[in-house]
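The values are calculated or read from the model by the stated rules, or taken from the named source; none is laboratory data. The shown structure was predicted, so the numbers you read here are calculated from the model rather than taken from an experiment. Note: ideal-geometry Cβ built from the backbone for every residue, glycine included; neighbour counts use all protein chains shown. Ligands, DNA and RNA are stripped out before the accessible areas are found, and what is left, the full protein with its side chains, is counted by its heavy atoms. Shrake-Rupley method; radii C 1.70, N 1.55, O 1.52, S 1.80 Å.
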Amino acid sequence: MLTNMGKPDPQQIHHLRLNTLIRLRWLAIVGQSAAVLLVAYLLEFPLPVSLCFALIALSAWLNLFLAFRYPATHRLPPEAALAIMLFDALQLAGLLYMTGGLTNPFSLLMTVPVVISATSLPARWTMLLGLLVVGMATILMFFHLPLPWTPGETLKMPFIYIFGMWVAVVSSIAFTAVYAYRVAEEARLLANALAATELILQREQHLSALDGLAAAAAHELGTPLATIALVAKEMERALGDDNRFREDVTLLRSQSERCRDILKRLTSLSSEGEVHMARLPLTSLIEEVIAPHREFGIEIVLQPGNCQGSEPVGRRNPGVIYGLGNLVENAVDFAREKVELSWQWNERRVELKLVDDGPGYPAEIVDRIGEPYMSRRSPAEGGRGLGLGLFIAKTLLERSGASVSFGNSSEPGKGAVVRVTWPREAFLSRTPAAEASY
């Protein structure tokens with residue numbers, strides 16, 4: 001779920017699906033049962049089988065209870081998910097206690113609940129669960145039953161080995177949890193940013209479709225209005241010199257004719273817009289993009305470049321218009337006095353270049369410009385954006401076939417530079433396939 005401006009709602013993105021935990025636990029139950037049966041009956045090592053299966057049965061009972069109590073689509077709040085994963089960690093610690101503690105090679109499985117928590121729960125809950133699991137591992141380092149071994153023999157492991165296993169468990173928890181959290185967080189941010197992109201594009205497409213809706217409304221309302229006008233005319237003729245209703249009938253007829261004139265203008269406006277605006281020359285596209293940003297006290301300078309051949313004319317694409325408009329808006333926001341927009345084309349490519357005279361992008365983030373939820377410029381320079389706007393612009397433009405690059409100008413007095421480049425064929429077709437993917 002998204003809040004304002006496409007930010008992810010922290011109350012929703014950390015709700016883990018219960019069915020996911022149930023399936024993972026069934027997998028663990030099968031694995032634990034197979035391991036106990038293998039050690040006890042195939043290898044014939046002494047093992048407290050009944051106690052082990054009691055713990056396994058407890059996990060299975062909880063699974064059945066949750067499966068029958070809640071629907072498959074139920075999502076757990078973070079606290080409930082934490083409680084379930086804490087139970088899994090305690091159940092596994094109990095099995096390890098009866099089978100050798102940290103001398104058991106399966107002790108590394110203690111990292112699993114923490115990794116699952118890192119991918120789905122807030123960081124504070126993952127840290128809490130990680131500390132509890134580390135505490136369990138520390139207890140198992142000193143207190144546990146002997147490791148099942150050949151009857152009549154005792155496998156005594158040196159303490160340095162047990163300590164090494166403890167270090168392995170703790171380091172695995174720390175590394176895998178941090179790694180899983182970062183990967184999952186980036187995936188969540190990207191998914192929410194793409195969802196915001198789709199919402200923005202849908203809005204632009206709805207706005208572009210208003211003229212078509214006006215034409216459809218005019219077409220559908222034309223027939224009943226014509227009927228009303230005809231009936232009013234017949235009533236006016238039938239009344240003759242009767243002044244009781246003559247004024248009302250005349251008013252009804254004049255207003256119906258007025259409605260027909262309004263609908264006729266809407267129809268002609270839609271048809272004219274379709275003919276003249278369905279395809280846009282590059283220069284018309286540029287003018288349409290910069291028009292809303294001329295009244296903010298920043299001079300926008302247009303500079304034609306080396307243009308070879310005929311001017312490219314592409315299909316009107318709301319995503320391209322919005323994306324370029326967002327780049328221009330960003331340049332105007334950070335410019336001191338002037339923004340320069342230049343363009344050029346030849347037989348192979350079409351290129352736009354946007355340069356402002358602002359402070360430019362900080363060197364430490366210039367390679368990451370276009371990632372979602374990253375501040376566009378440093379707070380000292382007044383930038384408070386989340387970077388979502390640039391991400392949306394970059395995504396929409398790349399869907400149209402363009403490549404977008406961000407950098408800083410090496411010329412004195414100039415700041416950030418953005419280049420948008422299309423292969424000429426992609427610009428000219430721009431592009432039924434891409435629009436269908438929206």
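A few points about this structure:
Let's see how each residue does on (1) among the small types (Gly, Ala, Ser); (2) closer than 22 Å to Glu185 by Cβ; (3) part of a loop (DSSP other than H, G, I, E, B); (4) at pLDDT 70 or above:
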position	(1), (2), (3), (4)
Val355	no, no, no, yes
Ala363	yes, no, yes, yes
Pro372	no, yes, yes, no
Arg384	no, yes, yes, no
Thr395	no, yes, no, yes
Val404	no, no, no, yes
Gly407	yes, no, no, yes
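Residues are listed down the side, and each one gets a yes or a no for (1) touching a helix residue (DSSP H, G or I) at 6+ places or on another chain (Cβ under 7 Å); (2) closer than 18 Å to Leu18 by Cβ; (3) surrounded by fewer than 19 Cβ atoms within 10 Å (Cβ to Cβ); (4) of a type in the set (S, T, N, Q):
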{"residue": "Ala57", "(1), (2), (3), (4)": "no, no, yes, no"}
{"residue": "Met85", "(1), (2), (3), (4)": "yes, yes, no, no"}
{"residue": "Gln91", "(1), (2), (3), (4)": "yes, yes, no, yes"}
{"residue": "Ala123", "(1), (2), (3), (4)": "yes, no, yes, no"}
{"residue": "Thr126", "(1), (2), (3), (4)": "yes, no, no, yes"}
{"residue": "His144", "(1), (2), (3), (4)": "yes, no, no, no"}
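- Per-region count, the range 149-176, residues modelled with pLDDT under 90 and open to solvent by less than 60 Å² (accessible area, probe 1.4 Å): 2
- Residue that is nearest to Asn346 (Cα to Cα), among those in the range 287-330 that are open to solvent by 60 Å² or more (accessible area, probe 1.4 Å) and without any contact (Cβ under 8 Å) to a residue 24 or more places away in the chain: Ser310
- Residues of the range 228-249 that turn out to be at pLDDT 75 or above and surrounded by fewer than 15 Cβ atoms within 10 Å (Cβ to Cβ), as a count: 7
- In the range 294-303, the condition of being modelled with pLDDT of 75 or more, more than 28 Å from the chain's Cα centre (by Cα) and closer than 26 Å to Glu425 by Cα is met by at least one residue.
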